[in-house]
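Here, each number is a calculation from the coordinates, and none is a lab measurement. Keep in mind it's a predicted model, so treat the numbers as computed, not measured. Note that we place each Cβ from the backbone using ideal geometry, even for glycine, and neighbour counts take in every protein chain shown.
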């Protein structure tokens, strides 16, 4: 199998993600790691909460990775996304792509995170001192 | 310090590289990992040997990271490169860039590896069953 | 026809729960489900946008619904 | 003038060592160093390209050299 897509309620293991996509045929690996920032638009964030519509999120991520294999000569693609409560600095998402040559790895990795943020049914709630906000819900 | 540039004679520690660039202010980290492929143009590679003109390599990498900080809003930049004998699958280079937003991290990381391959005095020798070749030396 | 609708993110707050039962009068389309929900829950109309998913696929407005479908309201996503 | 020249990568193979001493007759420029080396080591001309570095900086052909400079021959790089 050349694709691994998982949602996790516990801390993501970045090294294990990288190890999974590495192979003797790959020469370049691009990895994107999304972490929880301590502030958004100047306001201090206490923590994040991620919620996923799990079967549909997996299905949409599978579509994205199929598009990637159709468009770029990549070897292995991994997407791990957290759900639940995340503290500042924790890893929310790991996307890792291996390829024989680096251009494909970079472009595919960027495409996956950009598309994930548009189509995959996962929601992020930012919790502040004085309230909480579902990100992007309102205009 | 927001920059870490190192040449290593022993195995690179990818997780430690990522940990170094992570911070509570960063939201996106892009990591490029170059590994030793088992073949080049269809020919089986036994191992690689990297040689560096060390003070100049460090100096050129410093120039590249200064260009990166001038061009993109990035937070931390790390480049670790191996020297010496590398077996198939070993990590030759790790480039890690953290930023508040992912676009800067992706673009800066790509710029660093592309420029490194053009200007940094490091040389790779591919060792085959029946000989060895300094990569890119001849037209 | 009565359909069950799953809710996520802010839709869960708007509906006051992670799933609601909706009685559809008139046609059985996704468009009718949306207008029925918007009448009962006006805050839905204040969202930047929202989609309906049927059996784990984004649905267009003309898709006919059945009582056995898994139907979900998908407010603007914000993963990653 | 006598300068010491460091060699890396394939240049080390061409010179038969990681550093050589070169007696420069005529002017003291990088261009003269290159032509002197190319006469003594014709295989240098078969490289895809090569640069001279002086004190850890790429040098252009007109740069004057001194005996105290750290001079290196930089064949096409291939790191990463």
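Some points to look at:
- Chain B: relative contact order as a whole-number percent, Cα under 8 Å and 6+ apart: 37 percent
- Residue B:15-residue B:87 pseudo-label distance in nm [points 7 Å out on the Cα-to-Cβ vector]: 2.0 nm
- For the peptide B:91-104, the mean number of other protein chain Cβ atoms found within 10 angstrom of a residue's Cβ is 2.
- Tensor-based shape of the range A:83-139 (alpha-carbon gyration tensor, a/c under 1.5 rounded, otherwise prolate or oblate): prolate
- Between copies, the label points at residue C:67 (set 7 angstrom from Cα along Cα-to-Cβ) are spaced 10.3 nm, reported in nanometres from shortest to longest.
- When Rg and the Kirkwood radius Rh are both evaluated on Cα atoms of the range A:3-129, their ratio Rg/Rh stands at 0.99.
- DSSP-defined antiparallel bridges as percent of all bridges, the range C:2-74, nearest 5: 80 percent
- With its label point put 7 Å out from Cα toward Cβ, residue B:42 sits 6.2 nm from the same residue's point in the other copies, in order from shortest.
- Secondary structure note: in the protein assembly as shown, about 85% of the DSSP beta bridges are antiparallel.
- Largest first and in whole Å, the equivalent-ellipsoid semi-axes of chain C read 18, 14, 12, each the square root of five times a Cα gyration tensor eigenvalue.
- Applying 1/(1 + (r/R0)^6) with R0 = 35 Å to the Cβ-Cβ distance of residue D:70 and residue A:39 gives a FRET efficiency near 0.15.
- Multiplying the residue separation of residue D:58 and residue D:39 by 0.36 nm and subtracting their alpha-carbon distance yields 4.7 nm.
- Residue among A:35, A:65, A:44 with the largest mean-square fluctuation in a Gaussian network model of chain A, springs linking Cα atoms under 10 Å: A:44
- Label-point spacing for residue A:3 across the identical copies (point 7 Å from Cα in the Cβ direction), in nm and ascending order: 4.1.
- Cα gyration tensor shape for the protein assembly as shown, rounded if a/c is under 1.5, else prolate or oblate: prolate
- Each of the peptides A:127-134, A:49-56, B:84-91 was scored by the mean count of other Cβ atoms within 10 Å over its residues; in descending order, highest first, they stand as A:49-56, B:84-91, A:127-134.
- Number of partner chain Cβ atoms within 10 Å, mean per residue of A:124-133: 1
- Residue of chain D with the smallest Cβ distance to the axis mapping D onto C, distance rounded to whole Å: D:80, 14.
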